[in-house]
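The structure appears right after this line, and notes come after that.
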Amino acid sequence: MRWFSNKRTKIIMLAPVIILFSVYIVIPVAMAFYYSFTDFSGIGKPNLIGFTNYVRLFKDKVFYTALKNTGIILLLSILLIVPGAFGLSLLLNRSMRGNKLAQSLCFSPNIISPILVGLIWVFILDPKIGLINAALRAAGSLSQPEWIGGRVLTPYCVAVIFLWQTLGYNATIFLAGIRAVPRELYEAAEIDGADSVQRLQYITLPMIRQTIVIVMLLVITGCFKIFETVYQLTNGGPNHLSETLVTYMYYSTFTSSRYGYGMSIAAIAFLFSAVFAVLYIYFAKENVGGDAQ
């Protein structure tokens with residue numbers, strides 16, 4: 001035990017993780033911020049141009065479209081995934097036949113490659129070849145919405161796809177948190193006459209606060225990383241109407257060869273994600289502290 005308490009030993013044991021985290025996370029993020037202040041095109045030497053990319057960015061209509069689409073996806077994901085995953089975890093926590101199979105089926109969309117997820121949903125949502133509109137045509141409906149690739153519905157459909165892909169994963173996290181709650185608390189509450197709603201309100205929810213924080217952070221950061229699904233569904237089109245921050249960053253960097261400009265979009269996406277995450281953690285801790293008092 002004395003060997004484990006040695007500070008030098010702890011540093012040595014943590015060193016590989018710190019090095020890997022620095023090489024693959026810290027340094028690339030720092031480089032992205034640096035290149036966002038340059039006119040780098042991917043070839044040649046970058047020249048510092050100050051805040052020119054950011055000034056141009058906030059005059060770019062496509063950027064605001066991408067920001068709006070990302071905001072819609074984020075809002076819908078928070079409203080749908082968190083309560084949906086929690087409700088699903090409550091169902092999966094019940095003792096019933098086929099429970100293990102249901103857990104596996106709910107989790108399975110998360111292990112599918114995002115590119116394949118996008119391809120699957122293309123055959124469901126595409127206005128021309130999609131299953132939904134084909135069913136509407138067969139039913140004689142004159143209304144066949146542009147689920148993807150249109151001016152309005154694309155970000156909402158992306159949020160639904162993100163819900164489908166991550167609901168089971170987040171429900172599994174909730175399920176682990178619920179099962180970590182001591183059974184004695186539920187038994188004591190039941191003896192005292194508490195019904196299922198009261199046990200949920202006064203035992204389950206307070207005891208899994210940290211789990212809720214984790215799921216919320218995963219949803220927030222996940223929304224700012226959605227790329228493959230949108231790329232497969234619409235590739236940001238038509239005319240950049242379905243871009244998100246990440247897809248527009250990819251387009252600016254690798255398609256338009258505006259590396260510095262693309263890194264400014266990446267920097268803004270990173271800052272938005274970090275700010276939302278930090279604010280949520282702060283207010284979550286404030287609420288926990290207020291409840292404790």
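Just so you know, all these numbers are worked out from the coordinates, no wet-lab data involved. The model shown is predicted, which means the values in this text are computed figures rather than measured ones. Every residue, glycine among them, receives a Cβ derived from its backbone with ideal geometry; neighbour counts consider all protein chains shown.
A few notes on this one:
- Of the peptides 163-169, 212-218, 259-265, 130-136, the order by per-residue mean of other Cβ atoms within 10 Å, starting with the highest, comes out as 259-265, 163-169, 212-218, 130-136.
- Simple Cβ-charge dipole of region 62-292, Lys/Arg +1 and Asp/Glu -1, about Cα centre, in debye nearest 20: 460
- For ALA138 and LEU200, the FRET efficiency from 1/(1 + (r/R0)^6), where r spans their Cβ atoms and R0 equals 35 Å, is about 0.20.
- DSSP-assigned coil residues among trypsin sites (Lys or Arg not before Pro) in region 1-95, each with at most 10 further Cβ atoms within 10 Å: LYS59, ARG94
- Ranked from largest, the principal axis spans of the Cα set of region 137-241 equal 61, 35, 17 Å.
- Sparse-neighbourhood loop sites, chymotrypsin sites (Phe, Trp or Tyr not before Pro) in region 2-57 - DSSP loop, at most 12 other Cβ within 10 angstrom: PHE51
- For region 177-293, relative contact order (Cα pairs under 8 Å, six or more residues apart, normalised by length) works out to 19 percent.
- Globularity ratio of region 62-292, using Cα Rg and 2.2 N^0.38 Å: 1.18
- The distance between label points at ILE25 and SER108 comes to 3.3 nm (points 7 Å beyond Cα on the Cα→Cβ vector).
- Label positions at SER257 and VAL213, each projected 7 Å from the Cα along the C-beta direction, are separated by 4.8 nm.
- Computed Kirkwood radius, in angstrom, where 1/r is averaged over Cα pairs of region 166-293: 17.7
- Of LEU20, PRO206, LEU271, farthest towards positive along the dipole that unit charges on Lys, Arg, Asp, Glu beta carbons give the chain: LEU20
- Net charge in the neighbourhood of LEU91 (other residues with Cβ under 14 Å of its Cβ; Lys, Arg +1, Asp, Glu -1) is +4.
- Between PHE58 and LEU101, the FRET efficiency from the beta-carbon distance, with R0 = 41 Å, is close to 0.20.
- Among the listed pairs LYS68/LYS225; LYS10/LYS285; LYS128/LYS225, those beyond 26 Å (Cα-Cα): LYS10/LYS285; LYS128/LYS225
- Neighbour net charge for ARG199 - beta-carbon separation under 12 angstrom, K R +1, D E -1: -3
- Using a Förster distance of 30 Å, the FRET efficiency for ASN93-TYR280 (Cβ separation, nearest 0.05): 0.75
- Qualifying trypsin sites (Lys or Arg not before Pro) for region 122-186 [loop in DSSP, other Cβ within 10 Å: at most 10]: LYS128
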